[in-house]
Structures are given as C-alpha cells and as structure tokens.
Amino acid sequence: MSHWVIAPIILPAMLAAIIVLVARYHKVVQRTLSVSGLVALLGIATSLAWRAADGTVTIYQLGAWQAPFGIVLVADRLSTYMVLLTAILALLVSLYAIGSGWDRRGRHFHALFQFQIMGITGAFLTGDIFNLFVFFEVLLIASYGLVIHSGGAVRLRAGTQYVLYNLLGSTLFLFALGTLYAETGTLNMADLAQRVAMIDPAQSAAIRVAAVLLLLVFAVKAALVPLHFWLPSAYAEAPGPVAALFAIMTKVGAYAIIRVYTLIFPPSLSLTEGLHGTWLLPLALVSLALGMIGVLAAKRLDRLVAFSVVGSMGMVMTAIAMMTEDGMTAALYYIAHSTFATAALFLLVDLIQRGRRSHGTRLEAAPPMVGGPLIAGMFFVAAIGMTGLPPLSGFLGKLLILDAGFASPLIAWIWAAVLGSSLIAVLGFARAGSTVFWKSGEVARGLPEASEPADESPPPVLALAAVGSFVGLLALHTVFAGPITSYLGATSEQLFAPEPYISTVLETPGKEISYDGGEGDH
Amino acid sequence: MEMLVASAVGVLTTVGIYLVLRLRTFPVIVGVSLLTYAVNVFLFASGRLAVNHPPILRDEALSYTDPLPQALVLTAIVISFGMTAVVVVVALGAYLGNDNDLVNDPDNPEDAISKEPEA
C-alpha cells in the first residue's frame with residue numbers, strides 16, 4: 001500500500017502544527033516552511049495525478065482496516081486533478097501573500113493557510129462521507145480564521161455572517177448523514193453506492209430526503225442561488241489572497257456534487273431520477289444569470305468579482321447538472337479556468353485597492369496609480385477570461401458547455417442563459433475597467449491636488465509575478481485545451497462507470513475486525 | 001421512547017430555526033447551538049434506539065446497540081463545540097467594532113466604511 005495518497009493531507013497538517021508551535025515569531029521561517037511545503041505538495045500532487053492518469057484507482061486504508069469498516073482515501077482521476085489544482089493555486093497565492101505583505105498583518109496566516117489546504121485536499125481525497133464532513137469542518141474552521149485575518153469592523157461583521165451561515169450548513173450536513181446512515185447502515189461512499197441501489201422503491205422516502213438534503217448542503221458550499229447569500233460579503237471583505245484561495249472552496253462543493261451524484265445517486269438510479277434535471281439545472285441557470293447581473297449592479301470592484309464567482313459557479317453547475325459525459329468534461333475544464341480567473345481577479349483587486357488608497361475598491365475615477373498600465377493590462381486579460389470572450393479558456397469552456405447542452409431538453413434556456421449572462425458580464429467588467437483605469441487620466445488633469453496622495457511605491461514584484469502566473473496559466477489552459485479536455489473526457493468516463501472505483505475500495509484486502517484485536521476509533 | 005426522542009429533536013429544531021431567523025447575534029448563536037443539540041440527538045437515533053444494550057462485543061451479551069452513531073455524535077459534539085466558540089469570539093469582535101450586534105449588513109455598506117466611531 002502506497003503511503004503517498006495521504007501525503008497531501010499529512011504534509012500541510014504537520015507544517016501547520018510546526019509553524020504554530022516553533023515558528024510563531026519568525027516570519028522568515030514561516031514563509032520558508034510554508035512555501036517549501038507547498039512546492040513539495042505540488043510535486044506530490046503531480047505524481048499522484050500522473051499515476052491516476054491511466055485510470056488506476058489507488059486507495060489508502062487508514063490503519064489498514066478493511067474498507068467499509070475503516071476510513072479509506074481514494075485517488076482516482078477526479079480527486080488527483082482537484083488536488084493538483086489546489087496545489088497550483090495555493091503555491092501562487094502564498095507567494096502573493098508574501099510579496100504583498102498580507103501575511104505580516106497577523107501572526108497565524110501561514111498556519112491557517114496550511115490547515116485550509118489540508119481540509120481541501122482531504123475533502124477531495126476521502127472515500128468516506130462522514131470523513132468528508134470532517135474535512136469540510138477543517139477547511140471551514142481555517143477559513144473562519146483567514147476571512148477575518150488582520151481584523152477590522154466590517155470584516156468581522158462579514159466574518160460573523162459567513163461563520164453562522166456555514167454552521168447552519170454543517171448542521172444540515174449532519175442531518176443528511178444521519179438519515180443516510182439510518183437507511184443504509186454505512187458511510188463509505190462505495191458501499192453506499194451498492195446499498196442505495198438495493199433499496200426498495202416503495203420504502204425510499206427517507207433516502208430521497210437524504211439525497212435532497214445532501215444536494216442542499218453542497219449547494220450552500222457551491223454558492224448556488226438561492227443559497228449564495230454568504231458569498232458576496234465574505235469574499236469581498238476577506239483579504240485579497242484569502243479570497244483568491246477561496247476560489248477553490250466553491251469548487252469543493254461542486255466536487256462533492258459530482259462525486260455523490262455520480263457514485264451514490266447516479267443519474268440512472270430510479271429513486272432520485274429527475275433531481276438534476278428538475279432542480280439543479282434551473283437553479284444553476286438562475287445563479288448564472290443572477291451572478292452576472294450582480295456584476296453589472298456592483299458598486300465596488302471586490303463585490304463585482306465576488307458576484308462573478310456566483311455566476312461562474314452557475315456556469316459550472318449548469319454543465320454538471322446535465323449529468324452527461326460531455327457536460328462533465330466541460331464542467332471540469334471550466335472549474336480549472338474559473339479557479340485561475342477568479343484568483344487572478346481577486347489579487348488584482350487587492351493591488352488596485354493598495355494603489356488607490358482612499359478610493360479603495362469603489363467604482364469611481366481616482367488619480368492614476370503607480371504600475372497602473374501593467375495592472376490594467378492584466379485586469380483586461382483576466383476579465384476576458386472570466387467573461388468568456390475569445391481567445392481565452394473561458395470562451396472554450398463556454399463552447400464546450402453550449403455543445404454539451406444539445407443533449408438537454410432545456411437547450412434553449414441553457415443557450416439563452418450562457419450567452420445572455422456573458423453579454424451582461426462583459427458590460428459589467430468593461431464599465432468597471434474603464435472607470436477604474438481609463439478615467440484616472442481625466443481625474444489627474446481635473447484635480448491636480450488629490451485629497452490624499454496615492455501610494456507612490458510600485459507594487460511588489462513578487463505579487464505582480466504571482467498574478468502574472470495566473471494570467472499565464474489561463475493562457476496555458478487555452479493553448480493545451482486539446483490534451484486537457486481529452487484527459488478530462490477520460491475522467492468523466494471514469495465517473496460514469498464507477499464499478500472499478502467500487503470494487504477497488506471494497507475488495508482490497510485489509511485488516512478484518514477480529515474479536516480480541518479490535519479497537520475503536522472515531 | 002421513539003415519540004420522546006422524535007419530539008425532542010422536533011422541538012429543538014423548531015426553536016433553533018426560530019432563533020436563527022432573529023436579527024441579533026446572541027439569539028442566532030443560541031439558535032445554532034440548539035440546532036446542533038437537535039442534530040446530535042438525531043444522529044444518536046440514526047443507529048436505532050436500543051435501551052440497555054452494550055455497544056461493544058461481550059461474551060454474555062445477546063444483543064447490541066450500534067456503536068458507530070455514538071462515535072459520530074462524539075465527533076459532531078467536539079466540532080460543534082469548537083465552532084460555537086469561534087462564532088462567539090468573532091461575533092464579539094464584530095459587536096465591539098461596529099457598536100451593534102446586528103447580523104445583517106447595514107442598509108448602505110458605504111456608511112459603515114466611512115463611519116468614524118463617535119464618543
């Protein structure tokens with residue numbers, strides 16, 4: 001049994017503990033440990049993805065216990081892809097946090113950051129649904145600390161809302177898990193898949209309730225309308241690098257929906273038939289529309305980007321809700337694109353806020369800032385990516401989604417929502433960009449003496465390089481779209497044929513529970 | 001027995017949801033705590049209610065109660081306890097910083113940003 005599968009969870013967990021205990025007062029040590037850990041994580045994630053690329057499902061039995069009794073971690077194509085995405089994002093975001101000095105504004109930034117990574121990778125790798133809940137809590141409690149990093153009254157209020165909303169989500173998750181366990185007597189996802197398929201349709205009321213409750217929980221995480229209220233305030237008020245890291249958090253919800261509704265409640269299951277088509281798809285289309293209308297209506301740049309997250313999650317969920325292989329491929333392609341574009345935009349907003357000082361993120365003309373042309377150029381590219389204009393990957397992702405839409409009965413609605421929302425988003429971003437960047441020249445001429453001098457120091461090189469890398473990743477995601485989509489096509493093929501996953505998890509031998517040697521854990 | 005546990009879960013959930021819909025942090029936090037109590041009892045019952053049966057293997061035992069929900073509840077209690085502590089601290093910070101304990105955003109967020117604390 002290879003122990004590498006658990007490394008993406010163990011490594012950040014140990015690093016976080018070491019950073020808290022040993023390096024609390026040593027910024028340089030913290031930074032070195034954090035960045036070298038994330039580089040190692042990137043290496044491990046790449047090798048795991050490489051190993052899963054040929055379709056092998058690797059499992060890791062914790063404590064070597066046989067599957068339904070012990071907790072397992074499962075590394076298949078989807079899990080390793082998401083872990084790799086997390087590792088790339090985390091490394092660049094932590095470089096930005098170091099470059100911009102955000103990590104100096106509180107003592108525990110790097111420790112919380114590592115715990116957050118541990119929760120995210122754990123949620124992607126686990127094969128046990130209660131363990132998924134535990135990793136959700138790990139990533140949430142770290143995010144509570146990060147969202148209020150460096151404090152401030154407004155940020156604390158947004159933090160309170162965020163924590164309360166997610167506490168309610170966790171409670172709902174537990175209700176769903178209790179129902180699931182009461183009906184099936186297991187919490188292992190592969191075992192659940194087998195047992196749910198055996199349930200008598202005449203006595204399926206409780207299991208259908210559990211399926212809908214779980215969908216609600218994951219929809220909260222994925223910020224699907226009408227459960228998205230926590231997102232705009234929390235993301236807009238969170239520090240820039242934290243908001244950029246949170247780009248992957250909504251994707252955790254999307255991942256959980258993909259996993260649970262292809263494995264445990266697959267579209268072919270008669271019990272939950274129509275759940276995706278009747279509920280998920282219309283709600284996804286509404287999220288898409290509402291998110292992009294929010295982009296147009298926003299009065300502040302950070303809220304504008306936060307609403308574009310809601311919109312792009314709507315796009316991802318639209319593709320997922322089709323529950324076809326093509327749709328899933330498009331969703332997975334768009335997930336990576338939207339993660340990079342969101343991260344780039346939040347980091348750029350942070351640079352803009354830094355450069356404009358008192359004008360902050362309000363959408364109003366301000367005197368030009370130092371390094372403005374470069375930031376404006378990158379904002380332009382990232383906005384093209386986010387709104388899905390050619391030539392970047394957002395455009396390709398939307399084409400894939402539109403193409404996959406032909407199989408859906410709601411094809412007209414899908415095309416209308418995707419194309420209409422893109423137009424609205426283009427308007428919103430164009431208005432924001434021209435106000436923030438183009439009108440700054442007029443302000444400089446009209447008001448020679450600004451009320452407060454702008455920050456004269458140029459933006460830190462490391463921070464700019466991190467943002468530039470995200471923009472570069474968008475370009476790479478476009479250039480290598482062919483190989484990436486064929487890999488993701490294989491991934492969704494694996495998702496819709498889960499038998500190897502189930503048999504690997506349940507048939508790999510491990511320690512059985514013996515009468516005298518057994519010991520409990522929780 | 002079933003009736004008692006079911007109505008306990010029901011009453012706790014009802015009161016919890018009512019309190020969560022209030023506007024101020026204190027009742028909302030109490031409401032969230034009540035909801036977590038409700039879910040703990042609910043989880044406990046998900047392994048079927050069996051009175052006076054041991055949860056661990058014994059030679060003389062004829063029947064067992066399911067031990068797994070007890071482990072799940074233990075995990076859930078620890079997590080919800082920690083989370084409640086976090087939310088109390090964050091809410092206190094927000095209360096001290098904003099001079100009020102409203103959960104919702106102020107009607108005009110711009111006012112909140114520019115507002116200076118007054119004596």
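The values are calculated or read from the model by the stated rules, or taken from the named source; none is laboratory data. This structure is a prediction, so every number in the text was calculated from the model and none was measured. Note: ideal-geometry Cβ built from the backbone for every residue, glycine included; neighbour counts use all protein chains shown.
General remarks:
- Tally of residues being without any contact (Cβ under 8 Å) to a residue 60 or more places away in the chain and closer than 11 Å to A:LEU215 by Cα across region A:254-279: 1
- Any hit, region A:76-86, residues being closer than 29 Å to A:GLY185 by Cβ, over 14 Å from the mean Cα position of the chain (by Cα) and not small (Gly, Ala, Ser): yes
- For region A:388-410, a tally of residues being loosely packed, with under 13 Cβ neighbours inside 10 Å and without any contact (Cβ under 8 Å) to a residue 40 or more places away in the chain returns 2.
- Selection within region A:20-64 - polar (S, T, N, Q), within 30 Å of A:ASP191 (Cα to Cα) and assigned to a helix (DSSP H, G or I): A:THR46, A:SER47
- Any hit, region A:87-101, residues being of a type in the set (S, T, N, Q), crowded, with 23+ Cβ neighbours inside 10 Å, within 21 Å of A:THR186 (Cβ to Cβ) and touching a helix residue (DSSP H, G or I) at 6+ places or on another chain (Cβ under 9 Å): no
- Candidates A:LEU177, A:LEU172 - the one that is under 19 Å from B:ILE29 (Cβ atoms), modelled with pLDDT of 90 or more and out of contact with any Asp or Glu (no Cβ under 9 Å at 6 or more places or on another chain): A:LEU172
- When B:THR36, B:THR84 are checked against the criterion of being of a type in the set (Ser, Thr, Tyr), closer than 24 Å to A:LEU180 by Cβ and part of a helix (DSSP H, G or I), B:THR36 stands alone in meeting it.
- Being surrounded by 15 or more Cβ atoms within 10 Å (Cβ to Cβ) and either in contact with a His (Cβ under 7 Å, 6 or more places away or on another chain) or at pLDDT below 95 (or both) holds for only one residue in A:PRO458, A:PRO498, A:PRO509, and it is A:PRO498.
- For A:ALA67, the criteria (1) touching a Ser or Thr at 6+ places or on another chain (Cβ under 6 Å); (2) not in a helix (DSSP H, G or I) hold in every case but one, which is (1).
- Residue ID - nearest to A:ILE71 (Cα to Cα), chosen from residues in region A:135-149 that are under 17 Å from the mean Cα position of the chain (by Cα) and within 7 Å of chain B (Cβ to nearest Cβ): A:GLU137
- Taken residue by residue, region A:270-282 has at least one member that is at positive phi and not in a helix (DSSP H, G or I).
- Conditions (1) on the phi > 0 side of the Ramachandran plot; (2) within 11 Å of chain B (Cβ to nearest Cβ); (3) not hydroxyl-bearing (Ser, Thr, Tyr): number failed by A:ALA223: (2)
- Annotation note: of B:VAL88, B:VAL5, B:VAL11, the sole residue that is more than 29 Å from A:TYR144 (Cα to Cα), more than 9 Å from every other protein chain (Cβ to nearest Cβ), surrounded by fewer than 18 Cβ atoms within 10 Å (Cβ to Cβ) and touching a residue at least 24 places away in the same chain (Cβ under 8 Å) is B:VAL5.
- Unmet requirement for A:GLY152, which otherwise passes all of (1) modelled with pLDDT of 90 or more; (2) facing another protein chain (nearest Cβ under 9 Å): (1)
- Of all residues assigned to region B:45-53, at least one qualifies as being polar (S, T, N, Q) and within 11 Å of chain A (Cβ to nearest Cβ).
- Some residue of region A:71-90 being within 14 Å of another protein chain (Cβ to nearest Cβ), under 21 Å from A:ALA331 (Cβ atoms) and in contact with a strand residue (DSSP E or B) (Cβ under 7 Å, 6 or more places away or on another chain): no
- Of B:ILE29, B:ILE77, B:ILE56, all but one fail to be more than 7 Å from chain A (Cβ to nearest Cβ), within 30 Å of A:ALA142 (Cα to Cα) and surrounded by fewer than 20 Cβ atoms within 10 Å (Cβ to Cβ); the exception is B:ILE77.
- Filtering region A:18-44 to residues that are within 17 Å of A:GLY119 (Cβ to Cβ) and either exposed (fewer than 13 other Cβ atoms within 10 Å of the Cβ) or without any contact (Cβ under 8 Å) to a residue 60 or more places away in the chain (or both) leaves only A:ILE44.
- Here the helices (runs of 4 or more DSSP H) wholly within region A:328-435 that include at least 1 residues being farther than 28 Å from A:SER100 by Cα are A:393-404, A:411-433.
- Residue tally, condition more than 8 Å from chain B (Cβ to nearest Cβ), closer than 30 Å to B:LEU19 by Cβ and surrounded by fewer than 24 Cβ atoms within 10 Å (Cβ to Cβ), over region A:177-186: 1
- Test: residue in region B:39-62 that is closer than 24 Å to A:LEU180 by Cα and charged (D, E, K, R): yes
- Region A:436-455, subset part of a helix (DSSP H, G or I) and surrounded by fewer than 13 Cβ atoms within 10 Å (Cβ to Cβ), residue modelled with the lowest pLDDT: A:GLY446
- Check on A:GLY127, facing chain B (nearest Cβ under 10 Å) and crowded, with 24+ Cβ neighbours inside 10 Å: no
- Within region B:89-103, tally of residues that are in contact with a Ser or Thr (Cβ under 9 Å, 6 or more places away or on another chain) and in a helix (DSSP H, G or I): 6
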